[in-house]
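Only one structure is covered here, and it is reproduced in the block below.
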Amino acid sequence: MNDATHDPELRSWVKTANAPQADFPIQNLPFGVFRRAAGEGGRAGVAIGDRVLDLHRASELGLLGSDQALLSACRAPRLNELMALGPSAWSALRRRLSQLLRGDAPGEPRTAEALVAMADVELLLPAQIGDYTDFYCSLHHAINVGSIFRPDNPLMPNYKHLPVGYHGRASSLVVSGTPVRRPSGQTRSGDAPPSFGPSRSLDYELELGFFVGPGNRLGTTIPLARAAEHIFGYCLVNDWSARDVQRWEYQPLGPFLGKSFATTVSPWVVTGAALEPFRVPAWERAAGDPPPLPYLDHDADRQRGGVDLNLEVYLSTAAMRAAGQAAVRLSRSNARQLYWTPAQMLAHHASNGCNLRPGDLIASGTVSGPEKGSRGCLLELTGRGSEPLELPGGERRTFLEDGDEVILRGYCAGPGCARIGFGECRGVVLPARAD
Ligand code: MN
């Protein structure tokens, strides 16, 4: 439900939060983890304009009330404790932060003492991420990719009955800005014997991620009707993929080394509360599509399970940066084009009694739309390399080259609403190791 924290007229005394294109206005208040110097522990923070409100400091200054569980969570080096507290604690904190940051001047003068410049801090992964699960929930992506690998049978028979997913690798999750080393792996082209070497088909995947809030005990489930209460917030995910490795290794058990070398996560977690004004109906199934089974069907999710979130991919090559050229946009899509909602992914994930834990990361799968300019990875954009992209400086790309930087951006915008930005999810490709 929208409340006073969503009021589009609200302004902050942190002036940079009021710029029309700001990612982090006072209506957003995303959470992250930062440190001021190498070697320091992480500190929980909230983005406001170009500043970070240090939650540990704010709690020491007595600005965050007296709820001991909440204060402890705000002093923790990662967000897991806060994620575990659940929606009533989250909304109490959101209301308090909104009060502290609104107006022409701080009502609580000491609030300014808890602000640090975002440019002066290093952003870290927001949570200790115990498990990472990747879904495959964009129908357009599934059809496009399926057509490349299995032209006669693009969509598997299960696709419209359940959110297809696999268990990803948590240890190689990295925060935005971390360089990504080109992986080496085993590939096979045609009937030639397999060989081992640097991937020649390195790709990105534009995905929506979300963090689990309160978990479920092993052997219990999360009903779809309660799933939203178990989602703390959302982020951008680049699920880097070595397509040549993936293509040779994936059958019959699914993605493995073609995926597990790195996955990049944006540092700011945009809460479910901040996205309330942008909830939209779930994907409307075509006549003839099977209805979801009862455990994947709920009225509220059908009406408000989607999110109207614009997603963009930009590319900056080493030559473009050397020439002072800006990054070029490769595609735009929208999270409302997902066939399955985040709540359906979560309910399905726990439907067998698998325990999800606070801070677990779940990603949607590549988000692609119906048009060519909305394809969320190079595999789709270039038809597996058969239609190279022409870049403004005259370069061409089929897959990523060393020195290429991929930048994901996301934002919600609409009439009568403050713009809610996700910031960026960046990573530059380093050459494969020589050894
Ligand atoms: Mn993926």
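The values are calculated or read from the model by the stated rules, or taken from the named source; none is laboratory data. Source: prediction; values computed, not measured. Please note: Cβ atoms are built from the backbone with ideal geometry, for glycine as well, and neighbour counts cover all protein chains shown.
What the table shows:
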{"read-out": "Verdict on residue 324 being outside any helix (DSSP H, G or I) and small (Gly, Ala, Ser)", "value": "yes"}
{"read-out": "Test: residue in the range 258-271 that is at pLDDT below 95, within 16 Å of the ligand (Cβ to nearest atom), out of contact with any Asp or Glu (no Cβ under 8 Å at 6 or more places or on another chain) and not in a strand (DSSP E or B)", "value": "no"}
{"read-out": "Residues of the range 390-422 that turn out to be part of a strand (DSSP E or B) and within 28 Å of residue 267 (Cβ to Cβ), as a count", "value": "12"}
{"read-out": "Qualifying residue in the range 306-325 (condition: within 30 Å of residue 202 (Cβ to Cβ), within 16 Å of the ligand (Cβ to nearest atom) and at pLDDT 95 or above)", "value": "yes"}
{"read-out": "Given (1) under 16 Å from residue 33 (Cα atoms); (2) polar (S, T, N, Q); (3) in contact with a helix residue (DSSP H, G or I) (Cβ under 8 Å, 6 or more places away or on another chain), number of the condition residue 111 does not satisfy", "value": "(1)"}
{"read-out": "Answer from 357, 409, 396 - the residue that is over 24 Å from the mean Cα position of the chain (by Cα) and either at pLDDT 95 or above or surrounded by 15 or more Cβ atoms within 10 Å (Cβ to Cβ) (or both)", "value": "396"}
{"read-out": "Helices (runs of 4 or more DSSP H) lying entirely in the range 55-169 (those with 1 or more residues that are basic (Lys, Arg))", "value": "55-60, 87-101"}
{"read-out": "Counted residues, the range 361-372 - those being at pLDDT below 95 and not in a loop (DSSP other than H, G, I, E, B)", "value": "1"}
{"read-out": "Which listed residue, of 50, 23, is within 14 Å of residue 120 (Cβ to Cβ) and not aliphatic (A, V, I, L, M)", "value": "50"}
{"read-out": "Contacts under 6 angstrom Cβ, first residue in the range 350-376 being under 16 Å from residue 132 (Cβ atoms) and away from the ligand (no atom under 16 Å from the Cβ), partner outside any loop (DSSP other than H, G, I, E, B) and of a type outside the set (Val, Ile, Thr), 6 or more apart", "value": "356/350; 358/80; 358/83; 358/84; 359/80; 359/83"}
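Quick grid of which residues meet (1) farther than 21 Å from residue 175 by Cβ; (2) out of contact with any Lys or Arg (no Cβ under 9 Å at 6 or more places or on another chain); (3) in contact (Cβ under 8 Å) with a residue 40 or more places away in the chain:
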position	(1), (2), (3)
3	yes, no, yes
6	yes, yes, yes
19	yes, yes, no
58	yes, no, yes
64	yes, no, no
87	yes, yes, yes
92	yes, yes, no
